[in-house]
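S.K.: Pasting a structure here, questions to come.
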Amino acid sequence: MSQRTVTLKFSDSDRTIELPIMEGTLGPDVIDTRSLSSQGILTYDPGFLSTASCSSNITFIDGDEGLLYYRGYPIEQLAEHSDFMEVSYLLMHGELPTAEQKVKFVDTVRHHTLLHDLMGSFFRGFRRDAHPMAVMVGTVGAMSAFYRDSSDPFDAKQREVAAYRLLAKVPTIAAWSYKYNLGEPFMYPQNRFDYASNFLYMMFATPSEDYQPNPVLARALDRIFVLHADHEQNASSSTVRVAGSSGANPFACVAGGIASLWGPLHGGANEATLTMLEQIGDASRIGEYIRRAKDKTDSFRLMGFGHRVYKNMDPRAAIMRQTCHDVLNELGLHDDPLFKLALKLEKIALEDEYFVDKKLYPNVDFYSGIVMRAMGIPNSMFTAIFALARTAGWVAQWMEMVASPEQRIARPRQLYTGSIRRDFLPMDQRG
Ligand code: ACO
């Protein structure tokens, strides 16, 4: 079949430009606009609403149908039958591991969980009340200084070691940022536990008492990790790719991803949702907050609602909603006032014309915040846990980007709207 094209026709002249149309295996066609800049034309798309910034074979989303696939596997099947280690392998290597590959992968990650001993002193430079995400941005970035032997993005072996180090050490950093807040001793990772149980152990154990991670909670947490592992070219993954496009080292790139994730419109929404629920405080005030969310003159938004790509139920939210009910049942928390309030808000927003018309469904952050709170995880750790899980995706996206022959430094242009050329004025002629 001959190459399909689209023709741009200028309304003020006879000029036309023909552009090739690219087809992926799934998803919308993409117009290849790369030749435009050499013809003196740029495309304009702030917020990248209509821009495919790269080609990728890692994750697919269909926002209208509410579909999410990692390497072709539907998220529902992975959440049900797989676990985070397997999913991390899948994202990084493109295929599900064999039994032997899985054992080796899990074992390698396990043996990288310890932090360089001097990193403990690095934590101590932060204020005690530092937000865990602030500590994570700083400490993950500082891994560049501690692990220089795996910081060359152009060396395949170093890339692999960096990937293992990030996957293994970010949970230790996240748990220690919490311990540091509490003023409790850092707990070293324990190789006898699985990934999620080990994280619970590092967060909640103390040297003075026996601590056994609850397997139901560990399974729920592992599912949260699976659901958050990757989500194609979202703000934080794009940040990692843009940072990496200049040849920056992987630890610095992932620190950039963590910074981007922190915002309340992205991963910070899980913490912001709980803060909002606490602010609403009582079901009688839901109407007032719904009114504010609809008011264009009020900057308030219903946190945990809406998504750039999903105009249908986010499939992760549907799974997390079920997990939410399972965890609330397991812990006997269905009557907790805050959880009742959350479920009431969900119901009202799902029936409200404004939210229905704009296709604003509860997103994964709405439910994940509730689940984590039910598990006894403090609000300030929600986004850190998201970051921990998304590290698998960031690493996979970064590795794909670095290895791609198409990759060039990310360098967008602009529509300049500033002053035209003018001459410098001496001080006595200004004003
Ligand atoms: N509450 C009230 N109104 C909303 C909300 C909301 N949560 N989200 C979107 N809208 C409205 C906007 O005001 C806008 O209305 P308009 O067309 O009348 O101007 C319309 O819906 C479209 O919203 P945009 O901001 O243009 O959509 P965008 O795709 O840029 O933003 C986003 C998506 C950031 C997720 C937005 O829905 C939002 O702010 N949600 C709350 C924060 C949140 O939960 N973020 C987590 C996202 S999921 C994740 O990162 C894992």
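Coordinate-derived values only; no laboratory data. Not measured: the values here are computed from a predicted model. Every residue, glycine as well, gets a Cβ built from its backbone with ideal geometry; the counts of neighbours run over all protein chains shown.
S.K.: If r is the Cβ-Cβ distance from H93 to E65 and R0 is 22 Å, what FRET efficiency results, to the nearest 0.05?
M.R.: So, using R0 = 22 Å, E works out to roughly 0.25.
S.K.: Could you pull the Rg and Dmax for segment 5-52, using just the Cα atoms, both in Å?
M.R.: Every Cα atom of segment 5-52 included, Rg and Dmax give 12.1, 37 Å.
S.K.: Additional query: May I ask you to give the average projected area over all directions of the convex hull of the Cα atoms of segment 101-217, in nm² rounded to one decimal?
M.R.: 8.0
S.K.: Moving to a separate point now. For K9 and A403, compute 0.36 nm times the residue count separating them, minus their Cα-Cα distance, and round to one decimal in nm.
M.R.: On the way: separation 394, 0.36 × 394 = 141.84 nm, distance 3.64 nm.
That works out to 138.2 nm of additional length.
S.K.: Quick one: go through segment 220-250 and flag any residue whose amide nitrogen is under 18 Å from the point 7 Å out along the Cα-to-Cβ line of S53.
M.R.: The answer is 229-250.
S.K.: For a quick check: with amide H placed at 1.01 Å from N, whose amide H comes under 5 Å from V6's, ignoring anything fewer than 5 positions away on the same chain?
M.R.: The list, which skips near neighbours in sequence, is L19, I21.
S.K.: Using +1 at the C-beta of Lys and Arg and -1 at the C-beta of Asp and Glu, which of I348, A218, S236 has the Cα lying farthest in the positive direction of the dipole of the chain?
M.R.: It is S236.
S.K.: Based on the mean of other beta carbon atoms within 10 Å per residue, what is the order of 407-415, 310-318, most packed first?
M.R.: Peptide ranking by packing, descending: 310-318, 407-415.
S.K.: What is the local net charge at T113, summed over the other residues whose Cβ is closer than 13 Å to its Cβ (Lys, Arg +1; Asp, Glu -1)?
M.R.: Once all neighbours under 13 Å are counted, the net charge is +2.
S.K.: Output ³J(HN,Hα) for segment 77-86: one whole-Hz value per residue in order, computed from phi by the Karplus curve 6.51 cos²θ - 1.76 cosθ + 1.60 with θ = phi - 60°, and x for Gly and Pro.
M.R.: Calculated HN-Hα couplings, in order: 5, 5, 5, 7, 10, 10, 9, 5, 5, 5 Hz.
S.K.: Here's a follow-up. Given charges of +1 on the Cβ of Lys and Arg and -1 on the Cβ of Asp and Glu, with all other atoms neutral, how large is the dipole of segment 183-327 about its Cα centre, in debye to the nearest 20?
M.R.: 700
S.K.: Another question, if that's okay. Taking loop as defined by DSSP and a crowding limit of 11 other beta carbons within 10 Å, which chymotrypsin sites (Phe, Trp or Tyr not before Pro) in segment 41-89 fit? Intermediate results must be reported in sequence, preceding the final value.
M.R.: On the way: sites: Y44, F48, F60, Y69, Y70, F84, Y89; in loops: Y44.
Passing sites in segment 41-89 are Y44.
S.K.: Here's a follow-up. So what are the ³J(HN,Hα) numbers for segment 319-326, from phi and the Karplus equation (6.51, -1.76, 1.60; θ = phi - 60°), rounded to whole Hz, Gly and Pro as x?
M.R.: Ordered by residue, 3J(HN,Hα) equals 5, 5, 4, 5, 4, 4, 5, 4 Hz.
S.K.: Here is a further query. Taking amide H positions as placed 1.01 Å from N in the peptide plane, with prolines and chain starts having none, which residues 5 or more places from F305, or on another chain, fall under 5 Å of its amide H?
M.R.: Here N363 satisfy the definition.
S.K.: Still on this structure, I have one more. Taking segment 321-431 as the region of interest, what is the percent of Cα-Cα pairs per 5 angstrom bin, listed from the shortest bin to the one with the maximum distance?
M.R.: Over segment 321-431, the share of Cα pairs per 5 Å bin runs 2, 8, 12, 11, 10, 9, 9, 8, 8, 7, 7, 4, 3, 2, 1, 0 percent.
S.K.: Please list, in chain and number order, the residues 5+ apart from I31 or on another chain whose amide H is under 5 Å from its amide H, with Hs placed from the backbone.
M.R.: M22
S.K.: What residue among E184, E23, E330 shows peak mean-square fluctuation when the chain is described by a Gaussian network model with Cα springs under 10 Å?
M.R.: With Cα springs under 10 Å in the chain, the top fluctuation among E184, E23, E330 is at E23.
S.K.: Additional query: Per residue of the chain, what 222 nm ellipticity follows from adding -39500 (n - 2.57) for every DSSP H run with n ≥ 4, rounded to the nearest 500?
M.R.: Result for the chain, helices only: -15500 deg cm²/dmol.
S.K.: Can you work out the Karplus-derived ³J(HN,Hα) for every residue in segment 106-113? Use 6.51 cos²θ - 1.76 cosθ + 1.60 with θ = phi - 60°, whole Hz, and x for glycine or proline.
M.R.: 4, 5, 5, 4, 3, 7, 10, 6
S.K.: Enter the Cα centre distance for the pair segment 220-274 and segment 126-181, rounded to the nearest angstrom.
M.R.: Cα centres, segment 220-274 to segment 126-181: 14 Å.
S.K.: Quick one: give the max-minus-min coordinate of the C-alpha atoms of segment 77-404 along each principal axis, largest first, in Å.
M.R.: Taking max minus min along each principal axis of the Cα atoms, segment 77-404 gives 57, 49, 42 Å.
S.K.: Also, I was wondering about something else. Dipole magnitude of segment 1-101 about its Cα centre, charges +1 at Lys/Arg Cβ and -1 at Asp/Glu Cβ only, in debye to the nearest 20?
M.R.: Rounded to the nearest 20 debye, it is 540 debye.
S.K.: How many nm is it between the label spots at R127 and D149, if each spot is 7 Å from the Cα in line with the beta carbon?
M.R.: 3.8
S.K.: Something else about it: Would you work out the relative contact order for the chain, in percent, from Cα pairs under 8 angstrom that are 6 or more residues apart?
M.R.: Over the chain, the number comes to 19 percent.
S.K.: With label points built 7 Å along Cα→Cβ from the Cα atoms of R192 and I420, find their separation and express it in nm.
M.R.: About 7.7 nm, to one decimal.
S.K.: Highest first, please rank the peptides 259-272, 8-21, 25-38, 153-166 by the mean number of other Cβ atoms sitting within 10 Å of their residues. Before the final figure, lay out each step's value.
M.R.: Details: 259-272: 21.6, 8-21: 10.1, 25-38: 12.4, 153-166: 18.0.
Sorting 259-272, 8-21, 25-38, 153-166 by mean packing, highest first, produces 259-272, 153-166, 25-38, 8-21.
S.K.: Given Cβ point charges of +1 (Lys, Arg) and -1 (Asp, Glu) and nothing else, what value in debye, to the nearest 20, does the dipole of segment 5-52 about its Cα centre take?
M.R.: I would put it at about 100 debye.
S.K.: Out of segment 342-424, which chymotrypsin sites (Phe, Trp or Tyr not before Pro) are coil in DSSP terms and have no more than 15 other C-beta atoms within 10 Å?
M.R.: Answer in residue order: Y416, F424.
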